[in-house]
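The values are calculated or read from the model by the stated rules, or taken from the named source; none is laboratory data. Remember, it's a predicted structure, so these values are computed and weren't measured experimentally. No Cβ is skipped: glycine too gets one built from the backbone with ideal geometry, and neighbour counts run over all protein chains shown. Please note that ligands, DNA and RNA were not included when accessible areas were found on the heavy atoms of the full protein model with its side chains. Shrake-Rupley method; radii C 1.70, N 1.55, O 1.52, S 1.80 Å.
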Amino acid sequence: MKRLVLLGGGHSHVEVLRRFGTDPLSGTELVLVSPYPDSLYSGMLPGWIAGHYTRDECHIDLARLTHFANCRFVQSACNGINPEARLVFCENGTTLPYDVVSVDTGTRSPAFDTPGAPEHALPVKPVEQFVPVWDDICKRVISGQAPRRIVVVGGGAAGVEMLLAIQYRLRTLAPASEISFGLASDAASILATHNRKVRTIFMHVLERRGVTLHLGHAVERVDRDGLRLRGGGTVEADTIVWATGASAPLWPRSVGLANDEHGFMLVNERLQSVSHPQVFASGDIASVREHPRPKSGVFAVRAAPSLAENLRRTLRGDRLIEWKPQKKALALISTGDRYAVASRGDLALEGKWVWHWKNWIDRKFMKRYEV
């Protein structure tokens, strides 16, 4: 009996579980290690924050999925692995020997690298910790205890979409509240990786909705009164949401696994560690050596079929296949209300129909895991 251990319930691993459940591999024991009983689909997070979805509509039930896949579920965080001895160490004290291990645990927030941010800011990642805090903020707003000044740190798609979702939800809950909203980024413009048309659309949206922009200055420190910017500027805020890019977890580099220059696990085209062939990785924690791509749930979803196939082939001793990700990914970015913008290369499309298109795609994805 061989053992495959899956670390994390991310977008790639939920598909691995579904495929192994649909087509079991004899002589193989599956184990999922995750501290959370369910997995939030990141594509629906802004919609949940805005109030368009219930919690259950955007979460995948890992207990039910592991049962479908005849997979043992260890509900615990992973403290690390010993790739030489082929051991996984869980936070709850469990030690799991493995034949093959796959890592899809996501990333950590860059907020933890900024002085004062861990104490005074609310990181969106890990999202499982963000969810209950956001619920509490909504309850306080309903009871008349709304924050006065909310600032989102991050000028990329995640930050812009998060701010507009937060604003829409709180103004729906308490139309008479006078909450001010701001967006801070070290970049000179919002959505720097998107085309000019998309940037212009969102600049107009932010202007119409009264959002104050603080661009071109990195956040140097966070305290109870707001942000301290490089160069001496300040941004007052009593609620700070951190939605910048991803930082690598610390444990992979400490256990001897190959990493890229940013600390993410370095894998080849077969999604296999370049230093340890029995270790695989996918999702934001991984960096494909031959095809570096931005951190995005789109690539985690697209990599999942190849990951599942290569895990199966490794356990059987067969030749592995290569995964070549698309060069450009379609981004569907919502504006808080049921309106969205499609962005890909030089393409920029907008309208209510784009939001309904995104809604259809997201619900179709979630339907797969109602096993």
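Brief remarks follow.
- Verdict on Ala85 being in a loop (DSSP other than H, G, I, E, B) and open to solvent by less than 60 Å² (accessible area, probe 1.4 Å): yes
- The stretch 345-369 residues that are under 19 Å from Leu191 (Cα atoms), paired with ones that are of a type in the set (D, E, K, R) (beta carbon under 7 Å, 6 or more apart): Gly345/Lys328; Ala348/Lys197; Trp355/Arg338
- Filtered by the rule that a residue be touching a Lys or Arg at 6+ places or on another chain (Cβ under 9 Å) and either part of a loop (DSSP other than H, G, I, E, B) or in contact (Cβ under 8 Å) with a residue 60 or more places away in the chain (or both), the stretch 135-154 gives Gln145, Ala146, Pro147.
- Whichever residue in the stretch 309-343 is basic (Lys, Arg) and at pLDDT below 95 and, among such residues, is least open to solvent (accessible area, probe 1.4 Å): Lys328
- Pairs with Cβ under 7 Å, 6+ apart, first in the stretch 224-243 and assigned to a strand (DSSP E or B), second acidic (Asp, Glu): Gly226/Glu236; Arg228/Glu220; Leu229/Glu220; Glu236/Asp225
To keep it simple, each residue is scored yes or no on (1) at pLDDT below 95; (2) over 24 Å from the mean Cα position of the chain (by Cα); (3) more than 21 Å from Ala286 (Cα to Cα).
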{"site": "Arg3", "(1), (2), (3)": "no, yes, yes"}
{"site": "Leu17", "(1), (2), (3)": "no, no, no"}
{"site": "Pro24", "(1), (2), (3)": "no, yes, yes"}
{"site": "Ile49", "(1), (2), (3)": "no, no, yes"}
{"site": "Ala63", "(1), (2), (3)": "no, no, yes"}
{"site": "Phe68", "(1), (2), (3)": "no, yes, yes"}
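- Yes/no for Arg169 being under 21 Å from Gln145 (Cβ atoms), part of a helix (DSSP H, G or I), open to solvent by 50 Å² or more (accessible area, probe 1.4 Å) and modelled with pLDDT of 95 or more: yes
- Test result for Ser177, more than 22 Å from Leu332 (Cα to Cα), open to solvent by 10 Å² or more (accessible area, probe 1.4 Å) and either in a loop (DSSP other than H, G, I, E, B) or among the acidic types (Asp, Glu) (or both): yes
Every residue, every condition in (1) surrounded by 16 or more Cβ atoms within 10 Å (Cβ to Cβ); (2) in contact with a helix residue (DSSP H, G or I) (Cβ under 9 Å, 6 or more places away or on another chain), yes or no:
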| position | (1), (2) |
| --- | --- |
| Cys90 | yes, no |
| Val103 | yes, yes |
| Asp113 | no, no |
| Gly116 | yes, no |
| Glu119 | no, no |
| Asp136 | no, no |
| Gln145 | no, yes |
| Ala158 | yes, yes |
| Glu161 | yes, yes |
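- Filter result for Arg208 (over 22 Å from Arg140 (Cα atoms) and of a type in the set (Lys, Arg)): yes
- Some residue of the stretch 90-112 being assigned to a helix (DSSP H, G or I) and either out of contact with any Ser or Thr (no Cβ under 8 Å at 6 or more places or on another chain) or among the aliphatic types (A, V, I, L, M) (or both): yes
- Each residue in the stretch 180-207 was checked for being farther than 16 Å from Ala165 by Cβ and either under 23 Å from the mean Cα position of the chain (by Cα) or in a helix (DSSP H, G or I) (or both), and 18 pass.
- Residue ID - nearest to Arg149 (Cα to Cα), chosen from residues in the stretch 238-261 that are in contact with a His (Cβ under 9 Å, 6 or more places away or on another chain) and either of a type in the set (Val, Ile, Thr) or modelled with pLDDT of 90 or more (or both): Ile240
- Residues that are open to solvent by less than 30 Å² (accessible area, probe 1.4 Å), outside any helix (DSSP H, G or I) and out of contact with any Phe, Trp or Tyr (no Cβ under 7 Å at 6 or more places or on another chain) within the stretch 284-308 comprise just one, Val288.
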